Amino acid sequence: MSKETIQTADDVLTMLDTLLKEQSRFEWDQFYTDRNKKIPFLKNAPDENLVEYFANKTIRSGHVLELGCGPGRNAIFLAEKGCTVDAVDSSSEAIQWGKERALERNLAINFLEKNIFELPQESTKYDFIYDSGCFHHIAPHRRMDYQNLLNRTLKPNGHFALTCFVEDGQLGGSKMTDYDVYRERSLKGGLGFTEEKLRRIFADFQVIEIRKMRNVEEQEHVFGVSGLWAGLFKKKG
Ligand SMILES: C[S@@+](CC[C@H](N)C(=O)[O-])C[C@H]1O[C@@H](n2cnc3c(N)ncnc32)[C@H](O)[C@@H]1O
């Protein structure tokens with residue numbers, strides 16, 4: 001039987017992955033090869049909201065999973081706060097850079113080069129899951145997998161936080177419906193969200209806070225742009 005024959009719901013999801021990928025020329029590995037790019041999130045500084053969660057003790061050190069960690073700026077902050085960190089990204093360039101940054105600071109971080117949807121089914125239970133800028137690159141048909149991943153790997157009463165594009169924000173955030181993604185076979189550089197849409201997608205969680213990130217000056221040692229949402233959620237017990 002042809003490998004393009006659809007038999008299961010999984011086959012439909014794989015087909016949608018393939019159709020989107022066929023249309024895209026973007027590669028994260030290529031993006032990370034130039035480490036001197038003037039891209040704000042390439043600076044080795046943690047998200048201002050993440051720093052605030054620790055400062056106001058909403059989040060305390062524990063076992064953390066970071067999804068789409070890139071070169072590790074938030075994983076490094078979490079490790080410095082005494083967390084045990086598993087940091088996952090599918091880009092080998094990002095993981096290599098993250099390992100180098102961690103080594104420079106003598107930090108032990110468990111960097112994993114993996115697609116977040118290929119983490120072991122029998123996963124560790126985490127106190128906190130963090131995602132800075134990965135979720136808006138996830139196609140709508142994979143959101144169920146994303147939610148399953150959170151449900152499967154977070155401890156009861158564990159926290160989940162993300163930053164993601166505001167619709168038409170200053171860093172991007174395409175204002176398109178989920179259907180449009182498939183009509184146009186593109187996420188247009190990353191999907192934008194409204195607060196209402198985030199509340200709907202993460203309706204199984206208790207919302208602690210959804211706010212725009214604070215705009216941070218260049219010289220500050222944190223990262224923040226008001227074109228990103230910062231959402232903090234808690235898994236119901
Ligand atoms: C905008 S970058 C953010 C990187 C990092 N979190 C930061 O803020 O510096 C998004 C990252 O998500 C990763 N990514 C996207 N989809 C992924 C997936 N399905 N599994 C693992 N990593 C993924 C990309 O490789 C990229 O490094």
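Observations
- Nitroxide proxy distance, nm - points 7 Å out along Cα→Cβ at K236 and N56: 2.4
- Volume per residue of the convex hull around the Cα atoms, evaluated for the range 73-130, comes out as 77 Å³.
- If R0 is taken as 35 Å, the Cβ-Cβ distance between R35 and D168 corresponds to a FRET efficiency of 0.75.
- Sorted into 5 angstrom bins from 0, the C-alpha pair distances of the chain split as 1, 6, 13, 18, 21, 19, 12, 6, 2, 1, 0, 0 percent.
- Net lengthening on full extension, K125/F26 (0.36 nm per residue, minus Cα-Cα): 32.4 nm
- Ordering of 108-118, 224-234 by packing [mean C-beta count within 10 Å, highest first]: 224-234, 108-118
- Above-threshold pairs, the threshold being 22 Å between Cα atoms, out of K38/K81; K21/K175; K3/K114; K57/K81; K57/K235: K38/K81; K3/K114
- Rh by Kirkwood over Cα pairs, then Stokes-Einstein D for the range 127-229 at 1.567 mPa s and 4 °C, µm²/s: 89
- Histogrammed with a bin width of 10 Å, the alpha carbon distances of the range 1-132 distribute as 11, 36, 30, 16, 6, 1 percent, first bin at zero.
- Put simply, when 78-88, 202-212, 151-161, 125-135 are sorted by average Cβ atoms within 10 angstrom per residue, most first, you get 125-135, 78-88, 151-161, 202-212.
- Packing order of peptides 9-15, 169-175, highest average first: 169-175, 9-15 (average count of other Cβ atoms within 10 Å over each peptide's residues).
- Stretch gain in nm, segment N115-S2, where the contour uses 0.36 nm per residue and the Cα spacing is subtracted: 38.1 nm
Each value in this text was obtained by applying a stated rule to the coordinates, not by laboratory testing. In this text, all values refer to a predicted model and were calculated from it rather than measured experimentally. FYI the Cβ positions are ideal-geometry reconstructions off the backbone, even for glycines, and counts take in every protein chain you see.
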